[in-house]
1. Could you say which residue among Arg160, Arg145, Arg88 is surrounded by fewer than 16 Cβ atoms within 10 Å (Cβ to Cβ) and either within 24 Å of the chain's Cα centre (by Cα) or at negative phi (or both)?
2. What is the residue count in segment 73-121 for residues that are more than 16 Å from His143 (Cα to Cα) and touching a Lys or Arg at 6+ places or on another chain (Cβ under 8 Å)?
3. Please count how many residues of segment 61-77 are surrounded by 20 or more Cβ atoms within 10 Å (Cβ to Cβ) and part of a helix (DSSP H, G or I).
4. Would you point out which residue out of Val87, Val55, Val113, Val81 is of a type in the set (A, V, I, L, M, F, W, C) and under 21 Å from Leu152 (Cα atoms)?
5. Considering each residue of segment 170-216, count those that are surrounded by 13 or more Cβ atoms within 10 Å (Cβ to Cβ) and closer than 29 Å to Lys229 by Cα, and give that number.
6. From the set of residues in segment 433-443 that are surrounded by fewer than 21 Cβ atoms within 10 Å (Cβ to Cβ) and either aliphatic (A, V, I, L, M) or modelled with pLDDT of 95 or more (or both), which is farthest from Tyr490 (Cα to Cα)?
7. Taking the residues in segment 344-363 that are more than 25 Å from the chain's Cα centre (by Cα) and touching a residue at least 24 places away in the same chain (Cβ under 8 Å) as candidates, determine which candidate is nearest to Val305 (Cα to Cα).
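The values are calculated or read from the model by the stated rules, or taken from the named source; none is laboratory data. Keep in mind the model is a prediction, meaning the values are calculated, not measured. Every residue, glycine among them, receives a Cβ derived from its backbone with ideal geometry; neighbour counts consider all protein chains shown.
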Amino acid sequence: MPPSPLTDITSVSKDVDVFLFGGILSYIYSGTLHVSLDKVQPLYQAADLLQLDYVRDTCSSYMAMNVERSTCVDLYKFAEVFSMDSVRNHCLQCISKHFVEVASSEEFCSLSVNQLTEIISHDELDVQEETIVWEAVVRWVQHSREGRLHHLPSILPHIRFNLLTSDDTAAILEHILVREDPGSSKVIREIIRKGKQSLKPRLGMTTEMIFLANVANDEILFMNPREGKYISCMCEDFPDFLAITVTNNNDMYILENDREDISSQLCRYTNELSMFKYNHTENEWDHAGMSSLPASDGKKFLAEVDRVLYYVDADQKEGSALVRVRKHNRHLDQWQECSPLQLDGSMDFCVALSCGSFIYLLMKSALHRYDPSLDCWCERTPPNLMGDSSRFTAVAIGTEIFCTDRDFTQTMVYDSELDCWQKLQGWSNPGNLRMNLPPSLFVLENQLHIYFDIYDSEQRPSIHYFVYVYDRSADAWRDLKATLPDKEYYAHGPPCPVVRLYLPYLKGAQIHITSYISQEKCAG
């Protein structure tokens, strides 16, 4: 029989200071626990020693909620010692976000070599150049040169030399630390000899770009109107896709009908669908290596929940509708059937998208939610969209879903936690302007935007493109005054897809790049 907490306290009280001892006793007798930032670590240690799970969990939650720039390194080291994964992950996110500041601090120099390499291995580092990572490594080594120089060869493979210029690499080879250690020079030259690494660009090196397509001439338009960047590029054999999604890992997938050649000039579609993945480095669509899906006449959607890819097929039948869901098991490379949703009566236009840990099927007067953890559907509060809702667009931000109707006159937001809708301001049409195509909502830099094209009802040939951003505090839409090319680009999917791009990859692919803003330098 294990000893009681009081017995344990008697035996270990000499290792716990008076304040903590009193706090733990107070918790045991009253159930009340007082936690502060200066005492949380020793309190956790005491609770761990005494096996007081509630105290330990409370301290862990408190630390996770108090991860800031000034505390992230200290809490990261503490969390690693006690295998506190949640706190550790919060700390890594904070360190990545504030890497430039953190790398300049004294706390950074106190990291172990394993902690250092874990941090600089992260894709999420918010640095604009890889030289910043190298300079951080130099600072760490020089802090205790004699004891750390021999670690340099094991650290160097975590520097992304594929993101450095040849001049930067040459400067590193000539650095005094590298020259002093023959092993370091050998490692760098071996990395260069092997050629381009597959390591991704850091988060801070990428730019959020909206994805638009002109399928007629195999052209893609990537744009960020907030930064004035508009990059047009050709993509050979552009897929005529049916659904698209961008995952949390920044992978862009599209679903296409399989085709087979009948002759050199003709092709026909098969009864299967194939998944393609965008290759950022080469600017082309590669087969995703996933098994095929059965083709159907229904409306098709792709969504990601908790890093699992889902395929939603909403098919209208006689007097009813059937919504099928399949999830991809990447270990078995199988599309596994999930619980379907049977709807009575005809189904109007619908949109399927992920929000939090659920998939939502949104219609003009109905809302259904699929829970992957329980493999079941349930009905939620409908939006009751008014006006022309034969087509609408929707996008999720956090735990909310925003949608707007065909003519951008009515915008609504759904709180998925409270299961309620709220009306927002729509577009104030300044005159006889009409939508040419349905608008597309998208999230750029964590703000709600909308893309649409309009024409003057009295001068139909003249079509103009607009991008608006929503100011929630003022409940108003603001025109970004975007300058878009005079071509017909389409936004595929319920929201307009947004992907993070490393712009130098577009240069390296030797594609046609056009800058539509004179001050734009990144497109070259």
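1. Within the list Arg160, Arg145, Arg88, the selection yields Arg145.
2. 6
3. Here the count works out to 5.
4. Going through Val87, Val55, Val113, Val81 in turn, the sole match is Val113.
5. The number of residues fulfilling the criteria is 18.
6. Once the filter is applied, the top-ranked residue is Leu433.
7. The residue in question is Phe349.
To keep it simple, each residue is scored yes or no on (1) within 26 Å of Leu506 (Cα to Cα); (2) without any contact (Cβ under 8 Å) to a residue 40 or more places away in the chain; (3) among the hydrophobic types (A, V, I, L, M, F, W, C).
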{"residue": "Gln142", "(1), (2), (3)": "no, yes, no"}
{"residue": "Arg145", "(1), (2), (3)": "no, yes, no"}
{"residue": "Arg148", "(1), (2), (3)": "no, yes, no"}
{"residue": "Pro153", "(1), (2), (3)": "no, yes, no"}
{"residue": "Asp168", "(1), (2), (3)": "yes, yes, no"}
{"residue": "His175", "(1), (2), (3)": "no, yes, no"}
{"residue": "Arg179", "(1), (2), (3)": "no, yes, no"}
{"residue": "Pro182", "(1), (2), (3)": "no, yes, no"}
{"residue": "Ile191", "(1), (2), (3)": "yes, yes, yes"}
